Amino acid sequence: MNNEIINKVAKSGLIQLDMADFFPIEEIIEYDIAQNLWQEIALKEKDFRAFIKENDWSTYQNKHVALTCSVDAIIPSWAYMLLSSALQEFAVTIHFGSKQEVEQQLLLQAIRSINSNEYQDTRIVIKGCGDRTVSEAAWVEITNKLQPFAKSLMYGEPCSTVPVYKRPK
């Protein structure tokens, strides 16, 4: 009797994708412009320009930056432009929004950059559980990206999948 263990998943031809692989590797740092406001209500241009000039922006080197304001204040558009300009040479990317919103933007951007041709006529299982919370928007995005190319698309683990799409024969 042959007691050799056969990995049927490996022989199945299924391609497994883990959504966690699409999250940004670099750290996301939130910059709250509220710290630059006078009495948490207004931005003084002269003081803000001095801050922009004197601040050490290298602390944002190789990081994604989320520009936001945590207080209810009127911030002129040029203020975010000045911040973005100062961060350009250091940050990987600069976005407006909370850290969570920027992470979502980067996740969707990574999914959109998938080379769909690599998945032509393949059977794909998209891992359904993991350490990271994946938004519904990301599930929709990866389905829209891969379905036109895949032979079949499934959710879950190779041993227990939920069929999502199967191309008609």
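Quick note: the coordinates plus some simple rules give every number you see, no bench work behind them. Keep in mind it's a predicted model, so treat the numbers as computed, not measured. Ideal geometry is used to build each Cβ from the backbone, glycine not excepted, and the neighbour counts take in all protein chains shown.
So the values come out like this:
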read-out	value
Nonlocal amide H pairs with residue 96, under 5 Å, H built at 1.01 Å	67
Computed lengthening from residue 131 to residue 30, 0.36 nm per intervening residue step minus Cα-Cα distance	34.2 nm
Helical mean residue ellipticity (222 nm; -39500 (n - 2.57) per DSSP H run of 4+; nearest 500) of the chain	-8500 deg cm²/dmol
Structure-derived percent of Cα pairs over 25 Å apart - corresponding label in (i) 50; (ii) 27; (iii) 34	(i)
J(HN,Hα) series, the stretch 103-116, from Karplus relation 6.51 cos²θ - 1.76 cosθ + 1.60, nearest Hz, glycine and proline x	4, 4, 4, 5, 4, 5, 4, 5, 5, 5, 8, 4, 7, 4
Distance (nanometres) between label positions extended 7 Å along Cα→Cβ at residue 42 and residue 59	2.7
Rg and Dmax of the stretch 28-91, Cα atoms only, in Å	11.4, 32
Separation in nanometres of the label points that stand 7 Å from Cα toward Cβ, at residue 147 and residue 114	1.3
Lys, Arg +1 and Asp, Glu -1 on Cβ, resulting dipole of the chain about Cα centre, debye, nearest 20	1000
For the stretch 28-91, size of Cβ-based charge dipole, Lys and Arg +1, Asp and Glu -1, in debye	180
Among 91, 41, 73 - extreme Cα towards positive end, dipole of the stretch 28-91, charges at beta-carbon	91
Antiparallel bridge percentage (DSSP; both residues within the chain; nearest 5)	30
Relative contact order [Cα under 8 Å, 6+ residues apart], the stretch 103-169, whole percent	36
Inter-site label distance for residue 166 and residue 21 at 7 Å from Cα along Cβ, in nm	2.5
